[in-house]
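**Student:** Mind having a look at this structure? Questions to follow.
The values are calculated or read from the model by the stated rules, or taken from the named source; none is laboratory data. What you are looking at is a predicted structure, and each value in this text was computed from that prediction instead of being measured. As a convention, Cβ positions derive from the backbone with ideal geometry for all residues, glycine included, and neighbour counts pool all protein chains shown. Ligands, DNA and RNA are stripped out before the accessible areas are found, and what is left, the full protein with its side chains, is counted by its heavy atoms. Shrake-Rupley method; radii C 1.70, N 1.55, O 1.52, S 1.80 Å.
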Amino acid sequence: MAQAEDADRWLREGVARHARGEIAAAETLYRKVLQVRPDDANAANLLGVAARQRGDLAAALEWGARAVALRPGVGAFLANHGAALAEAGRLEEAVGTLRAALAARPDDPVVLRNLGQALCAMGDPRAALAPLERAAALQPDAAEPMLALAHARREAGDGAGAAAAAEAALVRARGDAALAAQARFLLAALGRCAPPERAPSSYVRDLFDQYAPRFEAELTGRLGYRTPEALAALLRRAGVAAEGGLRVLDLGCGTGLSGAALAPFAARLEGLDLSPRMLAEARRRGLYAALHEADLLDWLPRHPRAFDLVAAADVLNYLGDLAPALAAIGAALVPGGVAAFSVEAGPAGAPYTLGEGMRYRHDPVHVAALARAAGFSELAREAAILRRERGAPVAGVLFVLRLGGGG
Ligand SMILES: C[S@@+](CC[C@H](N)C(=O)[O-])C[C@H]1O[C@@H](n2cnc3c(N)ncnc32)[C@H](O)[C@@H]1O
């Protein structure tokens with residue numbers, strides 16, 4: 001019979017192996033502890049941490065809830081469970097749990113940052129300011145909390161404060177190219193410097209990873225998102241038959257809302273996205289023959305003439321200069337293949353502008369010129385309301401282009 005001392009030893013050994021990154025071995029040891037001591041809250045908490053590291057959020061939530069139920073009020077357990085709840089998009093529960101964690105550990109910078117970011121995601125950036133300011137002060141060398149503070153200030157309407165925090169984040173990010181690019185991108189969105197040619201891929205990935213569990217409910221509900229259906233309808237009107245005969249690529253497929261609209265055109269439907277968590281949601285739909293985690297600008301040129309139809313619904317607004325994307329889409333299409341995409345409509349004259357919403361807007365006339373230069377002829381173009389933002393309609397333009405056939 002295993003004894004209590006064995007359980008203590010397994011727990012210590014599990015923690016040591018966990019720290020060395022041997023997650024599976026650590027989990028085995030924690031489970032052995034629970035066989036001897038089913039109410040060991042430490043083992044349950046650590047199993048939750050390990051599950052979250054493996055990306056198994058359902059298990060992380062289960063173990064975290066068990067640890068908190070076994071020992072309510074333990075700051076570390078509440079902190080870990082709150083982080084998992086936030087990651088799962090269960091924001092109200094996350095905020096409650098993280099506030100309880102703070103009661104036990106008021107100066108925990110990670111809890112403060114997670115709480116601030118959950119409040120922002122809930123649409124309450126003002127409430128996020130105090131915890132994020134405290135997190136940034138507690139970690140004077142860390143760029144992440146300062147960058148989170150900059151975003152919260154931007155969302156709360158404090159452009160000057162947001163720029164000051166983004167400048168500070170840029171200084172702190174020295175040596176971390178991805179964080180520095182994110183700080184610069186925010187400064188550009190605030191009008192403090194010229195916009196880069198594209199949104200940093202790390203920014204887009206983090207944004208959509210964080211958004212994934214709530215994306216569909218928010219987009220189709222509060223935000224009234226209809227771009228996939230509108231693009232599919234325009235394809236039909238442009239004479240592209242929805243007879244299930246095409247090799248289709250859903251570029252920036254997200255959770256698969258666009259795939260559902262494209263499926264009637266496809267003999268084979270593939271999806272591509274930067275965000276692993278968006279892709280995980282898309283995989284659950286069972287619509288796609290293949291899903292690729294990649295940046296579209298890297299992936300498309302490596303798959304020449306592979307598709308009959310490439311569609312991008314609400315994706316190219318994360319790119320400023322569309323010339324590389326149009327060339328890459330052209331490379332991945334067979335001659336005569338079709339490209340369909342939406343852009344947010346920007347002012348005439350400027351090829352692209354970066355809005356405070358951190359997405360690019362494009363001058364449709366310039367997009368049409370770039371498309372011609374990339375070898376496309378225009379089959380259809382239509383103004384559309386893409387979605388609402390803060391209650392206001394977002395004006396866009398839908399394009400359907402054919403590769404070749406131009407003058
Ligand atoms: C607003 S969502 C739209 C998702 C889907 N097309 C739809 O209509 O529901 C934009 C998606 O494009 C992806 N994305 C943006 N830029 C990308 C890039 N350069 N390469 C690959 N995916 C990208 C994002 O990760 C995100 O999932």
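**Student:** What spacing in nm lies between the two simple spin-label points modelled at Ala160 and Arg237, each 7 Å away from Cα in the Cβ direction?
**Tutor:** A separation of 4.7 nm, rounded to one decimal place.
**Student:** Accessible area of the range 75-225 with a 1.4 Å probe: how many percent of it is carbon plus sulfur?
**Tutor:** 51 percent
**Student:** Would you pull out the residues with amide H under 5 Å of Gly271's amide H, same chain only if 5 or more places away, H placed 1.01 Å from N?
**Tutor:** Asp250, Ala290, Leu291, His292
**Student:** Multiply the residue gap between Arg388 and Ala104 by 0.36 nm, knock off their C-alpha separation, and tell me the result in nm, one decimal place.
**Tutor:** 98.2 nm is the gain from fully extending Arg388 to Ala104.
**Student:** Related question: Explain nothing, just the number: relative contact order of the range 252-391, from Cα pairs under 8 Å at least 6 residues apart, as a whole percent. Show your work: numbers first, answer last.
**Tutor:** Working: 220 pairs, mean separation 24.9, N = 140.
Averaging sequence separation for qualifying contacts and normalising by length gives 18 percent for the range 252-391.
**Student:** I've got another one for you. Between Ala16 and Ala368, what length in nm is gained on full extension when 0.36 nm per residue of separation is reduced by their alpha carbon distance?
**Tutor:** Gain on stretching Ala16 to Ala368: 120.8 nm.
**Student:** Further question: Helix-derived [θ] at 222 nm for the chain: sum -39500 (n - 2.57) over DSSP H runs of at least 4, divide by residue count, nearest 500?
**Tutor:** Helices in the chain give a 222 nm mean residue ellipticity of -17000 deg cm²/dmol.
**Student:** Given 20 °C and 1.002 mPa s, how large is the Stokes-Einstein diffusion coefficient of the range 271-361 in µm²/s, with Rh as the Kirkwood radius over Cα pairs?
**Tutor:** On the way: Rh = 14.3 Å.
Translational D for this selection: 150 µm²/s.
**Student:** So, by mean Cβ neighbours within 10 angstrom, what's the order for 333-346, 13-26, 141-154 with the highest one leading? Display every interim value, and only then the final one.
**Tutor:** Numbers: 333-346: 21.8, 13-26: 15.0, 141-154: 23.6.
For the peptides 333-346, 13-26, 141-154, the packing ranking is 141-154, 333-346, 13-26.
**Student:** Also: How charged is the neighbourhood of Glu378? Take every other residue with its Cβ under 9 Å from the Cβ of Glu378, and add Lys/Arg as +1 and Asp/Glu as -1.
**Tutor:** That works out to +3.
**Student:** I would also like to ask the following. How far apart, in nm, are the 7 Å Cα→Cβ label points at Asp206 and Arg285?
**Tutor:** For Asp206 paired with Arg285, the spin-label model returns 2.7 nm.
**Student:** Pull out the extension gain between Glu218 and Glu167, defined as 0.36 nm times the separation in residues minus the alpha carbon to alpha carbon distance; nm, one decimal.
**Tutor:** Working: separation 51, 0.36 × 51 = 18.36 nm, distance 3.12 nm.
Stretched fully, the Glu218-Glu167 segment lengthens by 15.2 nm.
**Student:** Classify the range 206-403 as rounded, prolate or oblate, taking a ≥ b ≥ c as the square roots of the eigenvalues of its Cα gyration tensor: rounded when a/c is under 1.5, otherwise prolate if a/b is larger than b/c and oblate if not.
**Tutor:** Rounded.
**Student:** Could you check the spin-label model distance between Arg126 and Arg9? Points 7 Å from the Cα along Cα→Cβ, value in nm.
**Tutor:** Between Arg126 and Arg9, the simple spin-label model gives 5.9 nm.
**Student:** So what are the three principal axis dimensions of the chain from its Cα atoms, in whole Å, longest to shortest?
**Tutor:** Answer, in whole Å and largest first: 82, 50, 37 Å.
**Student:** Could the peptides 236-245, 117-126 be put in order, highest first, of the mean number of other beta-carbon atoms found within 10 Å of their residues?
**Tutor:** 117-126, 236-245
**Student:** Can you tell me how the range 1-123 classifies by the Cα gyration tensor, rounded, prolate or oblate, using a/c under 1.5 as the rounded cut?
**Tutor:** Verdict is prolate for the range 1-123.
**Student:** Let me ask something additional. If you add up the charges near Arg198, with Lys and Arg at +1 and Asp and Glu at -1, over every other residue whose beta carbon is less than 11 angstrom from its beta carbon, what do you get? Don't skip to the answer; put the middle values down first.
**Tutor:** Values: positive: none; negative: Glu197, Asp295, Asp321.
Residues near Arg198 contribute -3 overall.
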